[in-house]
Amino acid sequence: MKIPIQFVINGEKIELSVPANMTLLDMIRQELNLTGTKKGCDEGDCGACTVLMDGKPVNSCMVLAVDANGKEILTIEGLKGNNGDLHPIQQAFVEVGAIQCGFCTPGMVLTAKALLDQNPTPTEVEVREAISGNLCRCTGYKKIVEAIIKAGEYLKVKGAENE
Ligand code: FES
Ligand code: FES
């Protein structure tokens, strides 16, 4: 049985019918073809599937697609500017060398966005706490933490320019 739902994803309104047991992750990847959201463990452990739901990071493999009904979802594809510019968080990841394997990066970037939206000047401890659900199996977190702190500075400058 399929259930009709509607939601907004990356600013676009979507109406869709989905199986009751389909995860939000599978809907994003298979139905919407937004493959920037990665499937790592598929059991809530790695954070590779992180998306923002009403501004909060969720492991989309642990959320049912039907739970997206009426919600606003942001995936990594929705972060770019109108002319395709990188988001300041992505810019900072590139500059600092925090783009490592590419598999964990979308989840890390979105978790960073949720953190910086709430707390534009996080300490290293706060950053490490925020990304504690996003696992990196290869090179570690040093560059990622550095990039998120730098992104906070970029966003502050951008905010000041827009005032
Ligand atoms: S794929 Fe969802 S937490 Fe790992
Ligand atoms: S898992 Fe992505 S850089 Fe380590």
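The values are calculated or read from the model by the stated rules, or taken from the named source; none is laboratory data. Source: prediction; values computed, not measured. No Cβ is skipped: glycine too gets one built from the backbone with ideal geometry, and neighbour counts run over all protein chains shown. Ligands, DNA and RNA are stripped out before the accessible areas are found, and what is left, the full protein with its side chains, is counted by its heavy atoms. Shrake-Rupley method; radii C 1.70, N 1.55, O 1.52, S 1.80 Å.
In segment 102-157, how many are outside any helix (DSSP H, G or I), of a type in the set (Gly, Ala, Ser) and away from ligand 1 (no atom under 16 Å from the Cβ)?
As a first pass, look at segment 102-157 and keep what is outside any helix (DSSP H, G or I): 102-104, 119-123, 134-141.
Applying the additional criterion that residues be of a type in the set (Gly, Ala, Ser) yields 102, 140.
Of the ones still in play, those that are also away from ligand 1 (no atom under 16 Å from the Cβ) are 140.
Of the residues in that region, 1 qualify.
Within segment 122-157, which residues are out of contact with any Phe, Trp or Tyr (no Cβ under 8 Å at 6 or more places or on another chain), within 23 Å of residue 54 (Cα to Cα) and open to solvent by 90 Å² or more (accessible area, probe 1.4 Å)?
If the condition is that a residue be out of contact with any Phe, Trp or Tyr (no Cβ under 8 Å at 6 or more places or on another chain), within 23 Å of residue 54 (Cα to Cα) and open to solvent by 90 Å² or more (accessible area, probe 1.4 Å), then 129, 156 are the ones that fit.
Does segment 27-42 contain at least one residue that is over 15 Å from the mean Cα position of the chain (by Cα) and closer than 26 Å to residue 128 by Cβ? Outline the logic, then answer.
So in segment 27-42, the residues over 15 Å from the mean Cα position of the chain (by Cα) come out as 27, 30-33, 41-42.
Then drop every residue that is not closer than 26 Å to residue 128 by Cβ, which leaves 41-42.
The answer is yes; a qualifying residue exists.
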